[in-house]
Amino acid sequence: MKFTELKNRKNFLSKLQFSLFPINYGPKLGGQKERMNFTGIELKVVKALKNDVGKGIIRVGTVTRDELGIAGGDLIEIIGKRSTGAGVWRAYARDEGQGIVKMDKIIRHNAKVFPGDTVIIKNITVKEAKKVSISFPRYNFSAGITDFILRRVIGRPVVSGDVIMQRMLGTTLPILVCMTDPEGIVQITTSTN
């Protein structure tokens, strides 16, 4: 491939990105800022500490949060080999300025990345989930277990195909998000069915 062809392809892809992702200044959930950032920031994936596992959060440095216009508790999109969502918490002092994102095995599984890979972190507009369909292994649970599980994951960003690990009754239960309405990254709320 010639250099000019490669250069033209890059220009085409950058124009295509702007046509696919129009600016949306609609309402946001989770206290996110009004500023959108479509470019995102590329960070190196590192394993989360044990006390962060299963919370659905990532930890990023202050510089990264400032560049994206996000604060602790906001919801973001993680783009690896697959796109998923997570909550943002501030990095530990020893991790500031390292250009890393700490995420647990569950989020890494959902994004299809491994420690040492790079991901793109983007600020997004999160839609409220009207309906979420979940699946979990067969245990002898009562009929209301689905509502119980959904109440325990309120505030979490999910996308169809994500796995959520939920601790209950002395065991960790893997939950597969089969379908969301609307599609894409949505936030589970108290009004989600």
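The values are calculated or read from the model by the stated rules, or taken from the named source; none is laboratory data. In this text, all values refer to a predicted model and were calculated from it rather than measured experimentally. So basically every Cβ, Gly included, is an ideal-geometry build from the backbone, and we count neighbours across all protein chains shown. In case anyone asks, the SASA skips ligands and DNA or RNA and just uses the protein heavy atoms, side chains included. Shrake-Rupley method; radii C 1.70, N 1.55, O 1.52, S 1.80 Å.
Points to keep in mind about this one:
- Counting 0.36 nm for each residue step from Lys55 to Asp181 and taking away their Cα separation leaves a gain of 43.1 nm.
- Whole-angstrom gap from the stretch 56-79 to the stretch 152-168, using each part's C-alpha centre: 19
- Residues of the stretch 99-193: accessible area per residue with a 1.4 Å probe, Å²: 51
- Accessible carbon and sulfur surface of the stretch 147-193 relative to its total accessible area, %, 1.4 Å: 53
- The charge dipole of the stretch 78-193, taken about its Cα centre with unit charges on the Cβ of Lys, Arg, Asp and Glu (plus for the first two, minus for the last two), comes to roughly 140 debye.
- Here the simple spin-label model places points 7 Å from the Cα toward Cβ, and for Lys47 and Arg94 these points are separated by 1.4 nm.
- Distance in nm between pseudo-label sites at Phe136 and Phe114 (7 Å out along the Cβ direction from Cα): 3.1
- Amide hydrogen proximity for Val126: with H placed 1.01 Å from N in the peptide plane, the residues at 5 or more positions away or on another chain lying under 5 Å are Leu29.
- Kirkwood Rh, angstrom, the stretch 62-139 [1 / mean 1/r, Cα pairs]: 14.1
- Loop chymotrypsin sites (Phe, Trp or Tyr not before Pro), the stretch 112-193 (other Cβ atoms within 10 Å of the site Cβ: 13 or fewer; DSSP): Tyr139
- Taking the C-alpha atoms of the stretch 49-193, convex hull volume expressed per residue in Å³: 109
- log₁₀ of I(q)/I(0) at q = 0.11, 0.12, 0.13, 0.22 Å⁻¹ - the stretch 116-193, Debye sum with one point per alpha carbon: -0.31, -0.37, -0.42, -1.03
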